[in-house]
Structure formats: C-alpha cells, structure tokens
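A.B. asks: Let me begin by handing over the structure; questions about it come next.
Readers should treat all values here as calculations from the given coordinates under stated rules, not as data from a laboratory. Keep in mind that what you see is a predicted model, and the values were worked out from it rather than measured. Methodologically, a virtual Cβ is constructed for each residue, glycine included, from the backbone with ideal geometry; neighbour enumeration extends over all protein chains shown.
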Amino acid sequence: MKLKVLGSGSSGNCYILSTPTGSLILDVGLPWKVIQKGLNFDLSGVIGALVTHEHKDHSKAIKEATLAGIDCYMSMGTVKTMESIKNHRLMPVISGMQFDIQDFTVLPFDVQHDAEQPLGFIIQYRPTGEKLLYLTDSYYCKYRFKGLNYILIESNYCKDILDHNIEAGLIEEAMKRRLLESHMSLDHCKDFLKA
C-alpha cells in the first residue's frame, strides 16, 4: 500500500491509499479539483471513499465524489447530515461490522468527536495482509488494535503550547475548549500508541 497525503488539518483532509488493484480515498475534505489532481485526473482506479464524519474539512467534496460515481462509506449519522445530497452512492456502514471494497476489508469503529456518529477505520489490503489504522478528529480511542503495519492518527495540540498560546492571545479560549473536548492531544496520542 502507498499513501499519498493531499491535505491534513483544518483547511482540509484527504489521503489516497493506492495499491496495484485500486485506490481508496480517505476523507474528501478538499475541493474536488484538488482531489482530482491528486488522482492525476484518473478516477478509473478509485474503488471508494471512506468518510469519517460530516465536518467540511473531511467531507467538502462528497457531492462531487458521488456524482463522479464514487461510493462514499460513512456512518448512518453522517449520511443523515448530508440531507442536501440525494445520491445512492452514500453508503451507510455500522461500527464494528466489517465490509469489503474489492481487495480491501474495512472495519469501522466509533470514535469520540463533536459530530454525528464519527468513525475511524481499520483498513486491510487482503493480497498482502497489510493493515492501516485511520483515526482522526477524536480526543480518545477506547479500542486497542493488534497487527497494524501502519498508523495514520491525528494529534492536534500539546497542552503546554496550547496554554502558552492562550496566554499570548494567539488562540481564543473557545478554541481551547473545543480542542480539549473533541481532539486528541500529543500526550493522549503517545499513550494510545504505547498501549
């Protein structure tokens, strides 16, 4: 498996996981033209997209992706937030119930974030047995995973630096509360990786 990072952060998240048999998009939180460019304007090898939740930095191009014929897999809670998009390509999945997308087996799992049924994913490429953990926008993960080859996990802040930035007036207090309540700190990330 080969990972291509198109964007990571509040301005938009999108990754392309490529194999010899097809590509899987992880979140579609960038403008559609940027995603198309990242795919070299060739959608023929795209076998689907996994969407963690409805926030625009993860779902911005969902309408265009579905109109391009890409099945977009997400929780039913996330599907329900997409009221303006009436498309059979919105594919609801259930936390804890694995499913296959061609040569990939995907296990969605629930995460803690300020969204409607946000998910993380374990993605296994069956021909090689390689496994990737995709965990973003969550302040905590109650699960522990074994046999992972790759870990793609988001950590948003270090508490000491955050406190300093608040005192210096670089970040508003409201942003601090949101980060603490819905995003993973560097310390929590390290603890998760050690467990």
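A.B. asks: Using the Cβ atoms and a cut-off under 13 Å, what net charge is assigned to the surroundings of ILE35, where Lys and Arg are +1 and Asp and Glu are -1?
C.D. replies: +2
A.B. asks: Here's another thing I want to ask about it. Only loop residues by DSSP count here, and only those with at most 16 other Cβ atoms within 10 Å; note down the chymotrypsin sites (Phe, Trp or Tyr not before Pro) in the range 1-101 that meet that.
C.D. replies: Here the chymotrypsin sites (Phe, Trp or Tyr not before Pro) that fit, given the DSSP loop and packing criteria, are PHE41.
A.B. asks: Tell me the trypsin sites (Lys or Arg not before Pro) within the range 52-106 that lie in a loop according to DSSP and have at most 13 other beta-carbon atoms within 10 Å. Don't skip to the end; give the middle numbers.
C.D. replies: Values: sites: LYS56, LYS60, LYS63, LYS80, LYS86, ARG89; in loops: LYS60, LYS86, ARG89.
Those that pass, being in a loop and sparsely packed, are LYS86.
A.B. asks: Now, a different point. With θ set to phi - 60°, apply the Karplus curve 6.51 cos²θ - 1.76 cosθ + 1.60 along the range 141-154 and write out the HN-Hα couplings as whole Hz, x wherever there is a Gly or Pro.
C.D. replies: Result, ordered by residue: 10, 7, 9, 10, 10, 10, x, 7, 9, 9, 10, 10, 10, 9 Hz.
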